1. To the nearest 0.05, how large is the calculated FRET efficiency for R330 and S43 if R₀ is 56 Å and r is the Cβ-Cβ distance?
2. Mind giving me the nanometre distance, one decimal, between the label points for Q91 and V15, set 7 Å out from Cα along Cα→Cβ?
3. What percent do you get for the relative contact order of the range 421-510 when only Cα pairs under 8 Å and 6+ apart count?
4. If amide hydrogens are placed 1.01 Å from N in the peptide plane, which non-local residues have theirs closer than 5 Å to the one on H147?
5. If packing is taken as the mean number of other Cβ atoms within 10 Å per residue, what is the order of 121-131, 576-586, highest first?
6. Using the eigenvalues of the Cα gyration tensor, what equivalent ellipsoid semi-axes result for the range 72-145 when each is taken as the square root of five times the eigenvalue, whole Å, largest first?
7. Which residues' amide hydrogens lie under 5 Å from the amide hydrogen of A446, considering only partners 5 or more residues apart or on another chain, with H built in the peptide plane?
8. To the nearest 10 degrees, how steeply does helix 550-561 sit against the main Cα axis of the chain, on a 0 to 90 scale?
Amino acid sequence: MVRFVVRRHRAVLIVAAVLAVLAGSASTTLFGKLQGGGYFDPSAESSAAADALRDHFGQGAPNLVLLVDTGKTVDDAESARTATGLVQRLQAEPDITGVMSYWTSGQLPALRDKSGRQGLIVGTIMGDETRVDRRIAELAPEFGGTHDGIEVRVGGYAMMMHETVRQGQKDVAAGEGVAFPLTLIALLVVFGTVVGAALPLVTGTVTTMLTMGVLWLVAEFTELSSTATNVASLLGLGLAIDYSLLIVNRYREELVTAADPRAALIATMGSAGRTVAFSALTVAVALSSMLIFPLLAVRSIGYAGIAVAFTAAAVSLTVLPATLLVAGDRIDRFRIGRKRLSGSDSRALDQGLWHRLAMMVMRRPIPVAVVTVALLLALGTPFLRFHPGFPDYRSMPAGSSARQVAETVQRDFDAAELSGLFVVLPDGKRGVAEYAAALSSLDDVARVDTATGSYVKGALAIPATAAHQRFETDDAAYLSVVPATTDRRAVDAVIRAVRATPAPSRALVGGVDAANMDAIHVLTARAPYALGFVVIAMGLLLFLLTGSVLVPVLAIVLSALSLTATFGALVWIFQEGRLSGLLGFTPTGDLSAVVPVMLFAVAFGLAMDYQVFLLSRIREEYENTGDATASVAIGLERIGRIVTAAAVLISIVFLGFLASDITFMKAFGIGLPLAVLADATVVRGFLLPATLRLGGRWTWWAPRPLRRVHSRFGLRESGSAPAEVAVVPS
């Protein structure tokens, strides 16, 4: 492919520019295709309960809340007339069901605040998440605002998900606004030339535009969560810069000895280009593990990650070489500051920082390895206190309408009455009274409402009225379970107790809290499968790269160790609320369950990315010299500076997540830079040389049958055949 790019480099640039413009134009409508939710398991009991409630009763869990501030009292005649008119208008809207309000539902105390000044109108927008998002976008401006002297604010789960999508759109722009200028400054420091610094940024810009276009196409055929765009935008920029650094650095080395820029480029793409292609494959494989999980938000990260990895590699292997040909030997023009050392400088190879550090570590490998592992594990101990949860209104910015409404309801109303916890009996209604009485006697259950009345502490408290008729049909019944608390852990205990209570027929427990519990369960249950897939796939890929049976095991273990401190920091900062004032978020006492899962896939993929960079160069040195110790030090010196620079640059890019006003996206802005920097410095600077020194020549050993497999299918940084000493220790 490189020879085609060499011959047609101007045509490649023109085609890339046209595609980038088209993709960028198409992506302007991308956010209209995205969903703000995606945190429910479609195969869980709670989802079946929601389907049964819809099919048998035409109802759903309340997801729309209108907070009505009368400015007087809720019983004021004029205010009541205006509020009743709003209720009637809402009932007349398509896709709206189950509308209740203080003014039209028997003046329920739960729908009036403690001061008597505010009241609630509650309803359900029916349909899938895409339909719900479209309807709330239409309803919010129509019902929110001032109506004949009363002030209405729109909230509820539907509004929160809608605002999540809109906030994600703002966050992408804000994140890129932070990342681009900081990255340009860092690139100028790394390369010391304007031309050299501009090339990775151009590659990153084209990658980001094309990736958004790819996601636009994906959204045409499947559902996508709004989380995909946040991750795709910044990860695409970061990966493209990483790959550009590797290729541009190798190109500058090859220019020293090559006859002309074309020869230097061909040599570069035959070595570093192969590494980039292989590296993109490892990142894509790591992120494809997200497809094992049924949650749309998590799967969307998988789709986005795969698209990003391959797009970044494609641009780096086509657009970047074409740009390098245009730049030619002018890549070092417009120098800023002192001359930067090239990896080809022979004097620097045995005097540089990475060479000296590697030799120092390899003189005492066991103490260094023990201390480093102990430090990483100690930093990871807060993760032992991890309590999974899911984002709620507190994860939204303070100015969010959904958050403002939810905070008011929590503070001024009996919020437990609006919990939305329900049980559907889709196969019949026989025995529902006894079942309701049994559920009402459970700990932390305030009341159970059903067709036969309302039950408290195991006894009938309110006989059946006309309002209770909605709880049954000819062949089914459902029950509303009102918890006595809004504490998450207590409500989770209620859900478990309800599910454990014998029912007269098949019982399906649903509601937002039940759906969150089911989602956490499926994440926990599927995590070992995702981990196993990643470990096996990475082991096979690294064997194809190195031809060793030990190096893949070492690489996987070291990459996992680099995440320990990160997971500990996430719990310490976000779950326990440290630094909440500095970072501007509201602590909730738990950590979003999807954060460790998503962060593991992205950070582990990047860790393996750097493993490929380093191991391919060390392997190349070992094949050339046969010296297991010297090859580690020289290989690290040749590539260590670039890997460190890449880690710093991608960390700067990931800091763009901190510009988000959504808490769990901020967690990415802290977690990913920590993971990347720990991997590229502590692990690569200390653990990698220590373990390779302990392995010695056996590090690169493989049994003869596997050597034959590697000889036929393996990949190498250089095109030369491996020396026999590289695989058979003497």
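1. Given R0 = 56 Å and the Cβ-Cβ separation, E is 0.45.
2. Result for the modelled spin labels: 6.3 nm.
3. Details: 181 pairs, mean separation 36.3, N = 90.
40 percent.
4. Residues meeting the criterion, in which the H sits 1.01 Å from N, are V152.
5. Numbers: 121-131: 19.3, 576-586: 14.4.
In decreasing order of mean packing, 121-131, 576-586 become 121-131, 576-586.
6. Details: eigenvalues 119, 30, 24 Å².
Calculated on Cα positions only, the semi-axes equal 24, 12, 11 Å.
7. V482, A484
8. Between the helix axis and the principal axis of the chain, the angle is about 40 degrees.
Here, each number is a calculation from the coordinates, and none is a lab measurement. In this text the structure is predicted, and so the values were computed from the model without any measurement. We place every Cβ from the backbone using ideal geometry, glycine too, and count neighbours over all the protein chains shown.
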